[in-house]
């Protein structure tokens, strides 16, 4: 079933400033972009570059003064959704080079420090069952509290304070998966049901589906439980939130407003 | 002038364990591998995968008990070495997608936090001159003290404590470059002159050489001053040291010994 | 010259909650309390206890619902104000027990990590001249930016980010003094000239005045430059801001409003 | 039953350096010092000052070259040991001023960040029962691993990594007690049964014994389970390990050797 997305955000640049934007649903096999319309205010420069792992695009602009981004799209997710618990951990020596980098620590995901914890808490599980156990542990121990975390908050901070938003839930899942030697990445996305409505973030783990020939595949997991993977439109992926912000400003920037509306389209 | 490399390290795995190795000079245009010989102890599995940015290879092994790695090579670096101060900062909207990810924060390089510092300290400089000023500032303010830092040490820690080894020097340069909107990555390498002899690490920054058509190129910079870029053999690159360790063990590992010998070969 | 203080703050406690208050100018030899009036909303319990180093009092209340604190006072500071640069560092073996604890690291002041920095940057100075050099360095390198820091911000964070408020300036001065083996504590205070008007914080260092017989004395130093020590009324002291908040709530607390007005009284 | 203590440690000071020592069992009502002998190498200066909360003494020395400390004592602990679970939390407004400061965050004990965790994990308990539950939780989730932590390790680090030594166990107990609004301090001590034999550290919490008239009393709790409070000789107390090191050097110091022997004396 397709989903409809309407996004709008505005900001003010006091001086000519470079800004990196990434807010459009990615054109990738697992989701069909039925329609799409992007409006950007005028800028001195504007250039598109492929985003990480060739999933989606980043837009460089250089502009000054008030700037508005408006985006509308209809997207039909078509991804395979095997039962998570049935998936197997890929033996490391079978992991392809592009998955290996998602085993390593990143800015907000200091996975190496959680090796004792995952062994103690989830020692009896492996592969998809391990990921399901991690997801359930987060859901049980964390409270969803907008405003409790900020742009410096790491998975370590959230693990201590037990409160956060989708970004923090995704960072924790990514961290505990990597500490379990399962490649994991951060996914910026749109999904209906996110409350309050906003840009959303989930995790993706690299696991082996015994039903499918060949190595592993990336599987969406939402530790907040708000997004249905069958109804989620990916924007982009990265090591963690440092890589896939909808707006990264290389200079002063007054953020003014944003609204995100995502709904299921009955067809 | 070619350089000769001899590396040997041994470790003990109490149980069957997955280990990731990356220690060979990379086969890339900027350096010719004149000869190369790698010896690994027997293992249950052994697989090679391309390393980050397709520079070099990582080797997965699964093994138990005593393990030895021995490597010998002759490498002839052939890289372009323009004058650093003459290089220009690429305007962000001209940066290719693969350079953009090296603007972001990583595990050991929290660049966003240093924006005020770089502006205050290096505000009058830009591009290659900015990088040269950063390199000189590090060299002047840091002391090279083996043992003063560890595997958790970030660029922030080193900036406070002003002491560290090549890894810490490279992390600081990468961090301050990114805070200056200049893409920067971490480079594991071999070089003569490193004292005490060991695996070495330097930084690479993405700058524009006005003499060369097309976008930017990566330029080696060693904040420790020990390695000559004309005599440096790259092993691999990454966001920071989390990505390019010569040995990453996914389970218990008793490290036994290592020796690294690098010298200039007169021909 | 006396100063007049008017303070008012209100908060709401959704449930019966213990709250610790410390907002009154301390009754100590170095400042005469000419008049003082404290109004507190009704509470289930209310008890006064001596505050740290017997400087001022803390007030425990247990209350529920809306709570208001109103305080008015006239205070005449009478402290000795020797020239800072003339003061000497007390040799450690002459430091009294109660000063020694102010050499140690505290929550927001990880002094041990700055020993190399203070030696490199201020190596040619000692005693009061060292403190003056530290104060000037902070004033030159920091920007006073309300909102740039928060309740978790340590002196380490501020040293990196170079921006903060009076609390952060005081934490940095305390940290760099302790790293120089000079006892230093954090002082909550009122002072005219603080802009925007608010509770203020400065540092106090323990130095020896060669003109005065006997050991050392505590000397006020304001790294922000906004407060004149001759016009400052101390509320309380502590290792750092963790010890002397005007309001510490042991449970949920909605802070509503505060106003602080301090002025010089012409007499 | 008395215990016998033999301690010896040596270090080398390359230059004239101030050093603070605290290694003798404190002369306090709860433990009788039956005999005591302290030997210190010659020094330029040597001065004793009362230690924190007037428990024990600190010794300042200024010396150069090789230095040896040797200490022998027989101590008979005589403290009250009520059943921990029977003790009550003192309502905050009944806490004396000198206990209040042990509610606040300190260098290694960032208690404020654990308020959600203690409420979630120990919400059904209070007072001594809460402390017993915290102690048991630590014992169940932590592994005693000498070498896994260092001098920068905070309770937050240990909570993440789940491994450490007595210092880390005590820091965690202190942190979780304070997060529960129970004053808690760090205690350096000697006790038989510590394995490997070394200086030991435990926590002390301030609770109310309903059997005893008047406010609260400090009760020893050892989260490692190695020390029996009836057989423990206190050296000193503090906010955390930053305050009660057996050796704090204000300058370069090569630590050479130490041995600690503690045994029960049959009489």
* What do you reckon, is residue B:261 modelled with pLDDT of 95 or more, surrounded by fewer than 24 Cβ atoms within 10 Å (Cβ to Cβ) and touching a helix residue (DSSP H, G or I) at 6+ places or on another chain (Cβ under 7 Å)? -> no
* Look through segment D:23-46, keep the residues that are at pLDDT below 95 and surrounded by 14 or more Cβ atoms within 10 Å (Cβ to Cβ), and return whichever of them is nearest to the chain's Cα centre (by Cα). => D:46
* To do: Say whether the condition of being touching a helix residue (DSSP H, G or I) at 6+ places or on another chain (Cβ under 8 Å), closer than 22 Å to residue A:180 by Cβ and within 14 Å of another protein chain (Cβ to nearest Cβ) is met by at least one residue in segment A:221-235.
  => no
* **Restricting segment D:152-195 to residues that are at the interface with another protein chain (Cβ under 9 Å from one of its Cβ atoms), in a loop (DSSP other than H, G, I, E, B) and free of Cβ contacts under 8 Å to residues at least 60 places away in the same chain, the residue that is nearest to residue D:115 (Cα to Cα)** => D:162
* Structure fact -> If we keep only residues of segment C:77-95 that are part of a helix (DSSP H, G or I) and at the interface with another protein chain (Cβ under 9 Å from one of its Cβ atoms), then the residue surrounded by the most Cβ atoms within 10 Å (Cβ to Cβ) is C:92
* Structure fact -> Among residues of segment C:19-32 being in contact with a strand residue (DSSP E or B) (Cβ under 6 Å, 6 or more places away or on another chain), farther than 16 Å from residue C:246 by Cα and part of a strand (DSSP E or B), the residue nearest to the other protein chains (Cβ to nearest Cβ) is C:31
* Taking residue A:178, is it over 13 Å from the mean Cα position of the chain (by Cα) and either closer than 22 Å to residue A:38 by Cβ or modelled with pLDDT under 95 (or both)? -> no
* **Residue check, residue C:184 under 15 Å from the mean Cα position of the chain (by Cα) and closer than 24 Å to residue C:147 by Cα** => no
* Could you tell me which numbered condition residue C:219 fails, if it satisfies all but one of (1) surrounded by 22 or more Cβ atoms within 10 Å (Cβ to Cβ); (2) in a strand (DSSP E or B)? => (1)
* Structure fact -> Taking segment B:41-71 and keeping residues within 11 Å of another protein chain (Cβ to nearest Cβ), outside any strand (DSSP E or B) and farther than 21 Å from residue B:199 by Cα leaves B:43, B:44
* Asked: What is the number of the single condition among (1) assigned by TED's automatic domain parsing to the domain that holds residue D:193; (2) over 10 Å from the mean Cα position of the chain (by Cα) that residue D:237 does not meet?
  -> (2)
* Selected residue (criterion: surrounded by the most Cβ atoms within 10 Å (Cβ to Cβ)) from residues of segment A:156-178 that are out of contact with any strand residue (DSSP E or B) (no Cβ under 6 Å at 6 or more places or on another chain) and under 16 Å from residue A:132 (Cβ atoms) -> A:176
* Structure fact -> Note on residue B:249: of the conditions (1) surrounded by fewer than 20 Cβ atoms within 10 Å (Cβ to Cβ); (2) within 14 Å of chain A (Cβ to nearest Cβ); (3) closer than 25 Å to residue B:104 by Cβ, unmet is (3)
* To do: Could you figure out which of (1) over 26 Å from residue D:248 (Cβ atoms); (2) in a helix (DSSP H, G or I); (3) within 16 Å of the chain's Cα centre (by Cα) isn't true of residue C:201?
  => (2)
* Those residues that are more than 7 Å from chain B (Cβ to nearest Cβ) and under 21 Å from residue B:16 (Cβ atoms), I need them from segment A:100-114; list them, please. => A:103, A:112
* Keeping to segment D:118-151, report how many residues are within 14 Å of another protein chain (Cβ to nearest Cβ) and assigned to a loop (DSSP other than H, G, I, E, B). => 9
* Could you check how many residues of segment D:236-267 are assigned to a strand (DSSP E or B) and under 30 Å from residue C:180 (Cα atoms)? => 12
* Structure fact -> Output for Cβ contacts, cut-off 9 Å, separation at least six or different chains, first residue free of Cβ contacts under 8 Å to residues at least 60 places away in the same chain in segment D:1-26, second outside any loop (DSSP other than H, G, I, E, B), reads D:16/D:62; D:16/D:63; D:16/D:64
* Before we move on, is residue B:107 crowded, with 16+ Cβ neighbours inside 10 Å and at pLDDT 95 or above? -> yes
* Which listed residue, of B:98, B:74, is surrounded by fewer than 22 Cβ atoms within 10 Å (Cβ to Cβ), in a strand (DSSP E or B) and either over 19 Å from the mean Cα position of the chain (by Cα) or in contact (Cβ under 8 Å) with a residue 12 or more places away in the chain (or both) -> B:74
* To do: Check off (1) touching a residue at least 60 places away in the same chain (Cβ under 8 Å); (2) more than 10 Å from chain C (Cβ to nearest Cβ) for residue D:37 and give me the number that stays unchecked.
  => (1)
* What number goes with the only condition from (1) assigned by TED's automatic domain parsing to the domain that holds residue A:178; (2) part of a strand (DSSP E or B) that residue A:226 does not pass? -> (2)
* To do: Determine whether residue D:56 is outside the structural domain of residue D:134 (by TED's automatic domain parsing), out of contact with any strand residue (DSSP E or B) (no Cβ under 6 Å at 6 or more places or on another chain) and in contact (Cβ under 8 Å) with a residue 24 or more places away in the chain.
  => no
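The values are calculated or read from the model by the stated rules, or taken from the named source; none is laboratory data. Please read all numbers here as calculations on a predicted model, not as lab measurements. Glycine also receives a Cβ, built like all others from the backbone with ideal geometry; neighbour counts cover every protein chain displayed.
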